[in-house]
Amino acid sequence: MTIKTTPITNKVNNVFIHVSDLKKSVQWYCDLLGIPFNADEIESPVYNIPVNSATGLTLDDHTFDPGFKLHPSGHVLFNFFAEDIDAAYDFIKSNEIKVVRDLERIGDFAYFNFSDPDGNVLMICNC
């Protein structure tokens, strides 16, 4: 294999999630992650969820793209980490968030899938 030089950094910079109602989605993700919610800070078309990682999380309602049709992902877009997977699972269930794949354990690895208000599938895992 020949190694080529490239101007592209070997790093996932940001994850975009397409949403239908930006304020509702921002509140949902803030509640999910325990982040303070301030509706006055939300301005369409995008909102960057403040996360504690190098990879960002942006919600996009495509306000300036009238031809855009939302097609929620039925496949996992990415995963959130939870050290205590059982507590995370209980949190999701107690907040009546739809679980689309129940908690599974494979050795020390455990995960489950759930959906956001638009039906995008997300994962929480412990590794």
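The values are calculated or read from the model by the stated rules, or taken from the named source; none is laboratory data. Keep in mind that what you see is a predicted model, and the values were worked out from it rather than measured. All Cβ positions, glycine included, derive from the backbone under ideal geometry; neighbour counts span all protein chains shown.
Note on the range 35-57: residues that are surrounded by 14 or more Cβ atoms within 10 Å (Cβ to Cβ) and part of a strand (DSSP E or B) total 5.
Within the range 71-114, the set of residues being closer than 18 Å to residue 25 by Cβ, crowded, with 16+ Cβ neighbours inside 10 Å and free of Cβ contacts under 8 Å to residues at least 24 places away in the same chain comprises just one member, 114. Residues that are without any contact (Cβ under 8 Å) to a residue 40 or more places away in the chain, more than 27 Å from residue 92 (Cα to Cα) and of a type in the set (A, V, I, L, M): does the range 30-40 have at least one? No - not one qualifying residue is present in the range 30-40.
Only residues that are in a strand (DSSP E or B) and either over 17 Å from residue 19 (Cα atoms) or of a type in the set (Gly, Ala, Ser) (or both) were counted across the range 68-122, and they come to 17. For the range 8-34, residues that are more than 21 Å from residue 75 (Cα to Cα), in contact with a Ser or Thr (Cβ under 9 Å, 6 or more places away or on another chain) and part of a loop (DSSP other than H, G, I, E, B) total 1.
For (1) among the hydrophobic types (A, V, I, L, M, F, W, C); (2) under 28 Å from residue 117 (Cα atoms); (3) assigned by TED's automatic domain parsing to the domain that holds residue 52; (4) at pLDDT 95 or above, each residue gets a yes or a no:
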position: 2; (1), (2), (3), (4): no, no, no, no
position: 5; (1), (2), (3), (4): no, no, no, no
position: 19; (1), (2), (3), (4): yes, yes, yes, yes
position: 22; (1), (2), (3), (4): yes, yes, yes, yes
position: 26; (1), (2), (3), (4): yes, yes, yes, yes
position: 31; (1), (2), (3), (4): no, yes, yes, yes
position: 37; (1), (2), (3), (4): yes, yes, yes, yes
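Residue 52: closer than 19 Å to residue 16 by Cβ and without any contact (Cβ under 8 Å) to a residue 24 or more places away in the chain, yes or no? Yes: the conditions hold for residue 52.
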